[in-house]
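*Asks:* Please find one structure pasted underneath; my questions will follow.
The values are calculated or read from the model by the stated rules, or taken from the named source; none is laboratory data. Remember, it's a predicted structure, so these values are computed and weren't measured experimentally. With ideal geometry, Cβ positions are generated from the backbone for all residues, glycine too; neighbour counts draw on all protein chains shown. Remember, those area values only see protein heavy atoms, side chains included, never the ligands or the DNA or RNA. Shrake-Rupley method; radii C 1.70, N 1.55, O 1.52, S 1.80 Å.
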Amino acid sequence: MAVSSSAALSKAVKQQYMQLPQGDKVQAMYIWIDGTGEGLRCKTRTLDSEPKSVEDLPEWNFDGSSTYQSEGSNSDMYLIPSAIFRDPFRKDPNKLVLCEVLKYNRKPAETNLRINCNKVMDMVKDQHPWFGMEQEYTILGTDGHPFGWPSNGFPGPQGPYYCGVGADKAYGRDIVEAHYRACLYAGVKICGTNAEVMPAQWEFQVGPCEGIEMGDHLWAARFILHRVCEDFGVVASFDPKPIPGNWNGAGCHTNFSTKEMREDGGLKAIEDSIEKLAKRHRYHIRAYDPKGGLDNARRLTGHHETSNINEFSAGVANRGASIRIPRSVGQDKKGYFEDRRPSANCDPYAVTEALIRTCLLSEEGDEPTEY
C-alpha cells in the first residue's frame, strides 16, 4: 500500500511535546492480538499512579467488530492485563501492557491462545521448560517492496548479506539497533540480533524464557518492532515467504529444553522428545502458523535451509532438518534442540504449547488433549 507524500510527519516537532512534564499521571498502552492471530492493536489510558505489577492494572474493553473479533451488534471485548513492560517510546513511568482478550461472555477470544498455553505450562512447571525463539522478519517500504532493493529489479544474489556489514550488504541497520535498545529498555529478554540471508531481512532472538514468559516477551518484542518501524516510515513483515523464487523465507526457529535435558546425560531426554515429535509432525505443522500450515507450505520446500513440510527429519548441525541438534549439544551430551519448522508469523503461545504437549505430556494424534 503506497502512501501520499504528505503522509510523513516531522519527528523533531513531536519531541518538544514529549519533553513536557506529565505530573503524577501514567500512560498505559494496552496491546492485544487481533482476530487475524497475527496483527497487533493498541490503545492508551491514563492511570493515577505507576503500576508495579499486572495486578495493579484495571481491565478494559474495546470494539471487537473493528478488529475481526466480534459482530457489531455485540461488540464489546474485555482486555485482561497479562504482562507489563516499561514503555521505550514514552519512557518511565509509562507502561506497555500485553493483554489477553475475552469475549462478552468472559470466554477467551478465538485468537487468545495464551490462556490454554498458560494452563499447559502450569502442568509442567516442575520441569522448568526453557525456550528461545529466533524471530526473522523483512523490512519493507510502505509500497510493500523490500527496503533498499532497486525499485525495478533485484539486488545481487544471496551470499554476502548474512551477518553482513556495509551499505551494499546490510539494509536497515538503524531499525535493528533502535529495536534492540528499545527492547532492552522495556525489559524484554532480547538476547541477540543479526542480518539474515536475504537482503532487508533480519533476525532477533528472545530468551531464554521459562514457560508462558516466552510468548509474552516475543509478542512484546514484535509490538516494539512495529512501533520502531512506524517511526522510521517502513513496515516490518513476518510473512514466511515475502519474495517468491530463489530467496530465503522467514522462520521463527524455536529452541527448547527442560531441566533434565540441561543436566549431564540430557541427550537421552532430547532424543526421546525428538522420537515423540516424529510421530506427531502433522499436528505441529498445523500449530506452527496462523493458517494451519498454509503459510508454511510456501516456505518449507526442502530448499533455502528448510525441511520439506511433508516430511519429518532430525540431525546434528543440519539446517535442512525439521529438528536440529546443535553440534555442541551432541558433544556435551546435554543442552537443547531447535525446532526449525515454526513460521515467522507463528503464535509463540501455540508453538510452545505444542512442544510441551508432545514432548512432556506425551500426547499423540492430530488433536490436542482436553484437560
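*Asks:* Based on this model, can you work out whether Phe147 counts as of a type in the set (Phe, Trp, Tyr), open to solvent by 20 Å² or more (accessible area, probe 1.4 Å) and in contact (Cβ under 8 Å) with a residue 60 or more places away in the chain?
*Replies:* yes
*Asks:* Please go through the stretch 241-269 and pick out each residue that is over 24 Å from the mean Cα position of the chain (by Cα) and closer than 20 Å to Ser307 by Cβ.
*Replies:* Gly245, Asn246
*Asks:* Using the structure shown, decide if Arg262 is in contact with a helix residue (DSSP H, G or I) (Cβ under 7 Å, 6 or more places away or on another chain), at pLDDT 95 or above and more than 22 Å from Glu203 (Cβ to Cβ). Don't jump to the end; show me each part of the working.
*Replies:* Working: in contact with a helix residue (DSSP H, G or I) (Cβ under 7 Å, 6 or more places away or on another chain): no; at pLDDT 95 or above: yes; more than 22 Å from Glu203 (Cβ to Cβ): yes.
Considered against the rule, which asks whether it is in contact with a helix residue (DSSP H, G or I) (Cβ under 7 Å, 6 or more places away or on another chain), at pLDDT 95 or above and more than 22 Å from Glu203 (Cβ to Cβ), Arg262 comes out as no.
*Asks:* Tell me the residue from Pro342, Pro368 that is touching a helix residue (DSSP H, G or I) at 6+ places or on another chain (Cβ under 7 Å), open to solvent by 40 Å² or more (accessible area, probe 1.4 Å) and of a type outside the set (Phe, Trp, Tyr), please. Explain how you work it out, then say what you get.
*Replies:* Details: Pro342 fails: open to solvent by 40 Å² or more (accessible area, probe 1.4 Å).
Result: Pro368 is the single residue among Pro342, Pro368 that is touching a helix residue (DSSP H, G or I) at 6+ places or on another chain (Cβ under 7 Å), open to solvent by 40 Å² or more (accessible area, probe 1.4 Å) and of a type outside the set (Phe, Trp, Tyr).
*Asks:* For the stretch 270-366, which fully contained strands (runs of 3 or more DSSP E) count at least 2 residues that are without any contact (Cβ under 8 Å) to a residue 40 or more places away in the chain and either assigned by the TED database to the domain that holds Gly249 or closer than 21 Å to Pro242 by Cα (or both)? Don't jump to the end; show me each part of the working.
*Replies:* On the way: elements: 314-316, 323-325, 337-339.
Because the criterion is at least 2 residues that are without any contact (Cβ under 8 Å) to a residue 40 or more places away in the chain and either assigned by the TED database to the domain that holds Gly249 or closer than 21 Å to Pro242 by Cα (or both), the strands (runs of 3 or more DSSP E) in the stretch 270-366 that meet it are 314-316.
*Asks:* For a quick check of your reading of the model, give me the residue pairs whose first member lies in the stretch 182-193 and is open to solvent by 60 Å² or more (accessible area, probe 1.4 Å), whose second is in a helix (DSSP H, G or I), with beta-carbon atoms closer than 6 Å and at least 6 apart or on different chains.
*Replies:* Partner pairs satisfying both residue conditions: Lys189/His217.
*Asks:* Quick check on Asn318: is it among the polar types (S, T, N, Q) and open to solvent by less than 20 Å² (accessible area, probe 1.4 Å)?
*Replies:* Details: among the polar types (S, T, N, Q): yes; open to solvent by less than 20 Å² (accessible area, probe 1.4 Å): no.
Taking the combined requirement at face value, the residue does not satisfy it.
*Asks:* Which one of these is in contact with a His (Cβ under 9 Å, 6 or more places away or on another chain) and surrounded by fewer than 19 Cβ atoms within 10 Å (Cβ to Cβ): Glu305, Glu210? Give the derivation first.
*Replies:* Working: Glu305 fails: in contact with a His (Cβ under 9 Å, 6 or more places away or on another chain).
Unique residue meeting the criteria: Glu210.
*Asks:* Quick one: would you say Arg357 is within 22 Å of the chain's Cα centre (by Cα) and farther than 23 Å from Leu40 by Cα?
*Replies:* Numbers: within 22 Å of the chain's Cα centre (by Cα): yes; farther than 23 Å from Leu40 by Cα: yes.
So Arg357 passes the test.
*Asks:* Looking at (1) more than 25 Å from Gly365 (Cβ to Cβ); (2) open to solvent by less than 10 Å² (accessible area, probe 1.4 Å), can you tell me which one Ile243 breaks?
*Replies:* (2)
*Asks:* Right, something else. How many residues, within the stretch 104-129, are open to solvent by 100 Å² or more (accessible area, probe 1.4 Å) and either free of Cβ contacts under 8 Å to residues at least 60 places away in the same chain or not in a helix (DSSP H, G or I) (or both)? Reasoning before the result, please.
*Replies:* From the stretch 104-129, those open to solvent by 100 Å² or more (accessible area, probe 1.4 Å) are 104, 106-107, 110, 119, 125-126; that's our starting set.
Narrowing the set further to residues that are either free of Cβ contacts under 8 Å to residues at least 60 places away in the same chain or not in a helix (DSSP H, G or I) (or both) leaves 104, 106-107, 110, 126.
Total meeting the criteria: 5.
*Asks:* Look through Ile325, Ile285 and report the one residue that is β-branched (Val, Ile, Thr) and within 18 Å of Phe131 (Cβ to Cβ).
*Replies:* Details: Ile285 fails: within 18 Å of Phe131 (Cβ to Cβ).
That would be Ile325, the only listed residue that is β-branched (Val, Ile, Thr) and within 18 Å of Phe131 (Cβ to Cβ).
*Asks:* Somewhere in the stretch 201-211, is a residue closer than 30 Å to Lys52 by Cβ and among the polar types (S, T, N, Q)?
*Replies:* Going through the stretch 201-211, the residues closer than 30 Å to Lys52 by Cβ turn out to be 204-211.
Among the residues that remain, those that are also among the polar types (S, T, N, Q) are: 205.
Scanning the stretch 201-211, I find at least one residue that is closer than 30 Å to Lys52 by Cβ and among the polar types (S, T, N, Q), so the answer is yes.
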